[in-house]
Amino acid sequence: MVELETRELEYFIALADELHFGRAAVRLSIAQPALSKAIRRIENRLGVPLFIRSSRHVELTPAGKALQEHGRHALNAVSAAVRHAQRADDGQAPLRLVLKPGGDAGLLSGLLAEYAQQPDARQVDILFSGPTDRADFLRDGRADVGLLYAPFDDLDGLAHETLLTEDRVAVVPAGHRLAGHTSVRMSDLDGEPLPRWKGTPRSDGTDPEIADVVQMFQMITVGRMIGMLPRSLVEPVPAGLVRVPVADAPPSRLVLAWTEQDRRPLVASFVAAALRQRREYAQITRTE
């Protein structure tokens with residue numbers, strides 16, 4: 001059986017991400033010739049080319065793309081195993097919850113209060129992620145549980161429970177052609193510039209890149225783009241913007257997620273508290 005060392009996978013992933021030997025070598029803090037030699041050694045061991053190289057660019061082969069996807073999961077699993085082992089004997093270690101700023105749909109305070117009532121409750125450390133990497137926090141062990149949005153976040157390898165399902169809305173400037181509509185359809189958004197979240201692939205080179213919702217709102221206000229978001233992320237509606245429901249957009253789900261292999265009481269206790277709070281929230285909304 002062909003085996004790769006963790007360090008070799010790290011070299012490969014860095015080059016697969018950067019597609020540039022110089023940048024990847026800097027990222028890894030090694031010399032470029034050493035990286036080139038390591039990549040050739042990996043390809044020889046696997047018996048397949050992983051990269052197509054030319055004087056102007058580097059690109060992944062189909063085998064390289066497969067190794068990039070599965071190799072990243074393997075590195076995350078190793079990292080998570082190390083982190084969990086380091087925390088296993090610490091009975092007072094805090095529970096780490098990752099979310100994006102403002103990405104709790106207003107449920108976080110109630111969730112923390114419900115969990116605090118657990119006899120085995122611990123301190124909860126809140127970690128804020130970038131726009132697209134919350135699942136990575138869970139897979140590599142930096143966080144124990146996370147609030148993610150489906151279908152936008154990749155839930156592969158994660159167990160999860162839906163806490164809230166909501167519609168999605170278009171966010172446009174007050175003077176926009178769609179601002180006066182009571183609702184729109186996906187086809188009404190054709191041709192409109194939509195944002196690309198930082199860290200996601202660029203489709204055609206023209207998508208404006210944003211790092212967070214605040215930046216998105218600023219760009220919408222000056223007419224550079226429109227947005228489409230779960231309703232809770234646009235409450236309250238910022239001045240100068242209008243929120244219009246998108247009738248045929250798939251609903252958004254706020255989910256509590258954790259790794260499928262994580263059976264620790266620390267996590268189970270927090271999940272149980274979240275499910276109790278979900279039931280209480282559903283009862284309140286039904287009576288309003």
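The values are calculated or read from the model by the stated rules, or taken from the named source; none is laboratory data. Since the structure is predicted, the reported quantities are computational estimates derived from the model, not experimental observations. Ideal geometry is used to build each Cβ from the backbone, glycine not excepted, and the neighbour counts take in all protein chains shown.
Cβ-Cβ contacts under 7 Å between residues 6 or more apart (or on different chains), taken from a first residue in the stretch 269-281 that is of a type in the set (D, E, K, R) to a second residue that is buried (at least 18 other Cβ atoms within 10 Å of the Cβ), are listed as 276/114; 278/163. Contact map, the stretch 179-196: first residue more than 12 Å from residue 244 (Cβ to Cβ) and in the same structural domain as residue 213 (by TED's automatic domain parsing), second residue of a type in the set (Ser, Thr, Tyr) and part of a loop (DSSP other than H, G, I, E, B), Cβ cut-off under 9 Å, separation 6 or more or different chains; pairs are 193/206; 196/203.
A single member of 4, 19, 15 is surrounded by 18 or more Cβ atoms within 10 Å (Cβ to Cβ) and in contact with a Leu (Cβ under 9 Å, 6 or more places away or on another chain), and it is 15. Checking each residue in the stretch 255-272 for being under 17 Å from residue 98 (Cβ atoms) and either in contact with a His (Cβ under 7 Å, 6 or more places away or on another chain) or at pLDDT below 95 (or both) picks out 255, 256, 257, 259, 260, 262, 264, 266, 267.
Reported count of residues in the stretch 95-143, each being more than 17 Å from residue 214 (Cα to Cα), assigned to a loop (DSSP other than H, G, I, E, B) and hydrophobic (A, V, I, L, M, F, W, C), is 3. Residues that are touching an Asp or Glu at 6+ places or on another chain (Cβ under 7 Å) and hydroxyl-bearing (Ser, Thr, Tyr) within the stretch 8-53 are absent altogether.
Remark: pairs (first residue in the stretch 42-71, exposed (fewer than 14 other Cβ atoms within 10 Å of the Cβ); second residue aromatic (Phe, Trp, Tyr) and not in a helix (DSSP H, G or I); Cβ separation under 9 Å; 6+ apart in sequence or on different chains) = 59/51. Residue 162 meets the conditions (1) part of a loop (DSSP other than H, G, I, E, B); (2) of a type in the set (Ser, Thr, Tyr); (3) at pLDDT 95 or above in every case but one. The failed one is (1).
Among the candidates 112, 127, 97, the residue that is farther than 26 Å from residue 249 by Cβ, without any contact (Cβ under 8 Å) to a residue 24 or more places away in the chain and of a type in the set (A, V, I, L, M) is uniquely 112. Looking at the structure I just gave you, is residue 261 outside the structural domain of residue 180 (by TED's automatic domain parsing), out of contact with any helix residue (DSSP H, G or I) (no Cβ under 8 Å at 6 or more places or on another chain) and not hydroxyl-bearing (Ser, Thr, Tyr)? It is true that residue 261 is outside the structural domain of residue 180 (by TED's automatic domain parsing), out of contact with any helix residue (DSSP H, G or I) (no Cβ under 8 Å at 6 or more places or on another chain) and not hydroxyl-bearing (Ser, Thr, Tyr).
When residues in the stretch 239-268 are screened for being more than 30 Å from residue 124 (Cα to Cα) and in a loop (DSSP other than H, G, I, E, B), 6 of them pass.
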